[in-house]
1. Among Arg35, Arg18, Arg26, determine the one that fluctuates most according to a GNM of the chain built with springs between C-alpha atoms less than 10 Å apart.
2. Could you state the angle between the C-alpha long axis of helix 76-103 and the longest principal axis of the C-alpha atoms of the chain, as a value from 0 to 90 degrees rounded to the nearest 10?
3. D for the chain, whole µm²/s, Stokes-Einstein with Kirkwood Rh over alpha-carbon pairs at 4 °C and 1.567 mPa s: what number?
4. Give me the one-decimal nm value for the distance between modelled label points at Glu81 and Ala41, 7 Å along each residue's Cα-to-Cβ direction.
5. Grab the other residues whose beta carbon is less than 13 angstrom from that of Leu28, score K and R as +1, D and E as -1, and report the net.
6. Working out 0.36 nm times the residue gap between Ser48 and Thr24, then minus their Cα-Cα distance, what length gain in nm do you get to one decimal?
7. Considering the chain as a Gaussian network with a 10 Å cut-off on Cα pairs, which listed residue, Arg57, Arg72, Arg40, attains the greatest mean-square fluctuation?
8. Treat the count of other C-beta atoms within 10 Å as a stand-in for reagent exposure and order Ile45, Ile82 from fewest to most.
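Each value in this text was obtained by applying a stated rule to the coordinates, not by laboratory testing. Bear in mind the structure is a predicted one, so any value in this text is a computation, not a measurement. Positions of Cβ are backbone-derived with ideal geometry, glycine not excepted, and every protein chain shown enters the neighbour counts.
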Amino acid sequence: MHDPAKLPVDCETMVDVREGVDATDRELVALLDRRFGYMRAAARIKSSRDAVRDEERKASVIAAAVADAEARGLPGAVFAEIWEELVEGSIAYEFVHWDEIRNS
């Protein structure tokens, strides 16, 4: 078990920073695990394979992430790239699970 990482404002050394980054990465992976769980649920719920890819929803998700990032003073263009990859990876993952469910 890891000790709680210091908040960025409380970091005094690069060890503190690296521990904070590593702890944050573990949290991000846990959150992405939950997000991909929703992709498995979507694959189970959607009755048509054509419903897996929804370009309108994709654009909305990316725009919301960019707006949230920019409201926090973070670079929107970077978040647009990250979310593009995240959403495309999620769609690919959902296709795999949709096919597995229907072909098992």
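1. Arg18
2. Helix 76-103 sits at roughly 40 degrees to that axis.
3. D = 81 µm²/s.
4. Placing both labels 7 Å along Cα→Cβ, they lie 3.2 nm apart.
5. On the way: positive: Arg26, Arg34, Arg35; negative: Asp22, Asp25, Glu27, Asp33.
Charge balance in the 13 Å sphere: -1.
6. Length gained, Ser48 through Thr24: 5.0 nm.
7. Arg72
8. Numbers: Ile45 9, Ile82 14.
Neighbour counts put them in this order, fewest first: Ile45, Ile82.
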